[in-house]
Amino acid sequence: MDRTSEKARQVRGMFARIVRRYDLLNTLMSWGLDRRWRRAAVRAAGVCGLRVLDLATGTGELAFEAIRQGAGRVIGVDFTAEMLGVAAAKAARRRLKPAPDWVVGDALALPFADASFDVVLNGFLLRNLADLELAFREMYRVLRPGGRLICLDAVEPELGPLMPLYRLYFHRLVPLLGGLISGDPAAYAYLPRSVTTMPRGSDLLKVMAAAGFTHTEFRPLTLGLVAIYSGRRPPAG
């Protein structure tokens, strides 16, 4: 098994194990700011009336926010079936209109034709990818010409004298809390490692540009704890 396949297998298994406590821990660890971040990401996309792909939808919260902001159709894709099961159950309880569609699929080989979507969204996907360059090429492929990509993810902030406090919280307390509540300490030890090793800011924008995206931007939120990366597929002609 190559390294790409092995990382994908490990990440899929990790999310399958923590699915029951996933939403709770997202809210606790972000002090409830995760909802605000999702709203900002969807607003940046401008989804009203558009066909939207939520890639690595997890339990569906970004897809639900797109519907609340007026998306015409939303498809949520994830390669962890257990996550999609939770998303579908939540959607049924909330009776959202239009109801999202759920598809099991891999970000590295999306099961859609070229130019299928007006907007591609993803939240907290990038640092989990086994092949970042291939994933951006796939996102580019399924966007229509002129379509917009919005990626929301955690980043390593630049907090100056506050960095020791950040490291204490994110690298020590978050893994401890996550491990205790989820019963899977390894999953939440992985979280800070994945943030630290992911390309940040202009380095990630270069990867997006190499896949063909233009008008790429990096917008930090909440003291730079998370960021919105955006780009466009150029219009035809």
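The values are calculated or read from the model by the stated rules, or taken from the named source; none is laboratory data. Remember, it's a predicted structure, so these values are computed and weren't measured experimentally. Quick reminder, even Gly has a Cβ in these numbers, built from the backbone with ideal geometry, and neighbours come from all protein chains shown.
Applying the criterion of being touching a Gly at 6+ places or on another chain (Cβ under 7 Å) and closer than 25 Å to residue 106 by Cβ to the residues of segment 35-57, the residue that is surrounded by the most Cβ atoms within 10 Å (Cβ to Cβ) is 54.
For segment 1-51, give me every one of the helices (runs of 4 or more DSSP H) that falls completely inside it and has 2 or more residues that are among the β-branched types (Val, Ile, Thr). In segment 1-51, the matching helices (runs of 4 or more DSSP H) lie at 3-18. From the list 60, 32, the lone residue that is buried (at least 18 other Cβ atoms within 10 Å of the Cβ) and either free of Cβ contacts under 8 Å to residues at least 24 places away in the same chain or not acidic (Asp, Glu) (or both) is 60.
Taking the condition among the charged types (D, E, K, R), at pLDDT 95 or above and surrounded by fewer than 17 Cβ atoms within 10 Å (Cβ to Cβ), does residue 101 pass?
Here the answer is yes, as residue 101 does meet what is asked.
The requirement of being farther than 23 Å from residue 45 by Cβ, among the polar types (S, T, N, Q) and surrounded by 16 or more Cβ atoms within 10 Å (Cβ to Cβ) is fulfilled nowhere in segment 213-221; no residue meets it. If the condition is being charged (D, E, K, R) and assigned to a strand (DSSP E or B), then segment 67-106 contributes 73, 78, 101, 106.
Within segment 192-237, being touching a residue at least 24 places away in the same chain (Cβ under 8 Å) and in contact with a Pro (Cβ under 7 Å, 6 or more places away or on another chain) holds for 207, 223, 224, 225, 227, 233, 234, 235, 236. Within segment 139-161, the set of residues being among the charged types (D, E, K, R) and assigned to a helix (DSSP H, G or I) comprises just one member, 141. Filtered by the rule that a residue be crowded, with 20+ Cβ neighbours inside 10 Å and of a type in the set (Asp, Glu), segment 147-206 gives a lone residue, 153.
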